[in-house]
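The values are calculated or read from the model by the stated rules, or taken from the named source; none is laboratory data. Just so you know, these numbers come straight off a predicted model, no measurement behind them. Here Cβ is always computed from backbone atoms with ideal geometry, including for glycine, and neighbour counts include all displayed protein chains. What goes into the accessible areas is simple: the full protein's heavy atoms, side chains included, and nothing from ligands, DNA or RNA. Shrake-Rupley method; radii C 1.70, N 1.55, O 1.52, S 1.80 Å.
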Amino acid sequence: MPPTAVAVEAISAAAKQAEQLRKDGNTYFKKDRFGAAIDAYTEAITLCPNVPIYWTNRALCHRKRNDWLKVEEDCRRAIQLDHSSVKAHYMMGLALLQREEYAEGVKELEKALDLGRGAHPKSYMVEEIWQELAKAKYMEWEHASTVRSWKLQNLKETCEKALNEKHLFDASQVVDLTDESETARQEQLAFLKEVFRKAVNSDIPTEVSIQDIDIFHVTFPSFFRYKLETSGTGLPML
């Protein structure tokens, strides 16, 4: 059954009111009044819950407050409404990284980068996403490397303990312990130490060639000006 004229008018009025609330939220955001901006976007969402921009704008406010759980919640809803939302995938990736969900965070940032390059390849936002993705991939490697190092250390200690216990057991089976037995134990421990040293070294990144650095610098010159500790955001309000 088609909507009545009254219903259509009511929907139109709600949409106009929601749009004005969005504009109000943008004004509050620019004045760093993030609480007021969140309230305005929330009212807009209540009136028109199927507009993804309202969700991503509110998520951006939550990001400013470092409320990453709410950032994730709003971005998930925005992605449900619009799978091609660059901002939603981007902030979703950042929120996942805060929870140390590195693989999923990287995946969301890669999605945002692909979408951003397709829509606005020369946009400063694309470069910002690329910078965050580069940091995220390093964080992912660093986390995995830490886990591997911990496992290797535990394995090394277990092997050394087993080797020493074997030596004590062998010693208990003979009357006179020879120097050769102790020498053999020391050699085995040294060999074990060398094996694990090589295993640890294999996880250390190799040096980047000068040519690679030059190509990187030409391709992404402003990356070298980017502060890794920055807490700001260059995302535009819509």
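Here N50 passes the criteria (1) within 31 Å of the chain's Cα centre (by Cα); (2) open to solvent by less than 40 Å² (accessible area, probe 1.4 Å); (3) not acidic (D, E) except the one numbered (2).
Suppose we filter A95, A36 for residues that are among the hydrophobic types (A, V, I, L, M, F, W, C) and more than 22 Å from K137 (Cα to Cα); which single one remains?
On the way: A95 fails: more than 22 Å from K137 (Cα to Cα).
From the options A95, A36, the qualifying one is A36.
Taking the range 77-131 as the range and being part of a helix (DSSP H, G or I), under 16 Å from I53 (Cα atoms) and open to solvent by 60 Å² or more (accessible area, probe 1.4 Å) as the test, the residues that pass are R77, Q80. Among the residues examined, N66 qualifies as closer than 28 Å to E104 by Cβ and surrounded by fewer than 14 Cβ atoms within 10 Å (Cβ to Cβ).
The rows are residues; the columns are (1) under 30 Å from E140 (Cα atoms); (2) modelled with pLDDT of 70 or more; (3) out of contact with any Phe, Trp or Tyr (no Cβ under 9 Å at 6 or more places or on another chain).
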position	(1), (2), (3)
Q153	yes, yes, no
D176	no, no, yes
R185	no, yes, yes
F191	no, yes, yes
N201	yes, yes, yes
I213	yes, no, yes
T233	yes, no, yes
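Scanning the range 18-36 for residues that are among the small types (G, A, S) and farther than 19 Å from L81 by Cβ turns up at least one hit.
On the stretch given as the range 54-74, residues that are within 13 Å of L96 (Cα to Cα) and aromatic (F, W, Y) total 1.
Contact annotation: residue pairs with Cβ atoms under 9 Å, 6 or more positions apart or on different chains, pairing a residue in the range 12-39 that is at negative phi and among the polar types (S, T, N, Q) with a partner that is modelled with pLDDT under 95 and open to solvent by 20 Å² or more (accessible area, probe 1.4 Å), are N26/M237; N26/L238. Every listed requirement among (1) crowded, with 21+ Cβ neighbours inside 10 Å; (2) within 21 Å of S123 (Cα to Cα) is met by W55 save one, (2).
Taking the range 137-168 as the search range and keeping residues that are among the hydrophobic types (A, V, I, L, M, F, W, C) and over 38 Å from the mean Cα position of the chain (by Cα), which one is most open to solvent (accessible area, probe 1.4 Å)?
Just the residues of the range 137-168 that are among the hydrophobic types (A, V, I, L, M, F, W, C), to begin with: 139, 141, 144, 147, 150, 152, 155, 159, 162-163, 168.
Checking which are over 38 Å from the mean Cα position of the chain (by Cα) leaves us with 162-163, 168.
Numbers: A162: 54, L163: 34, L168: 117 Å².
Selected residue: L168.
Would you confirm, using the coordinates I've provided, whether A171 is under 30 Å from C75 (Cα atoms) and surrounded by 13 or more Cβ atoms within 10 Å (Cβ to Cβ)? Taking the combined requirement at face value, the residue does not satisfy it.
Among the residues making up the range 6-34, those that are of a type in the set (G, A, S) and either surrounded by 15 or more Cβ atoms within 10 Å (Cβ to Cβ) or at pLDDT 95 or above (or both) are A18, G25.
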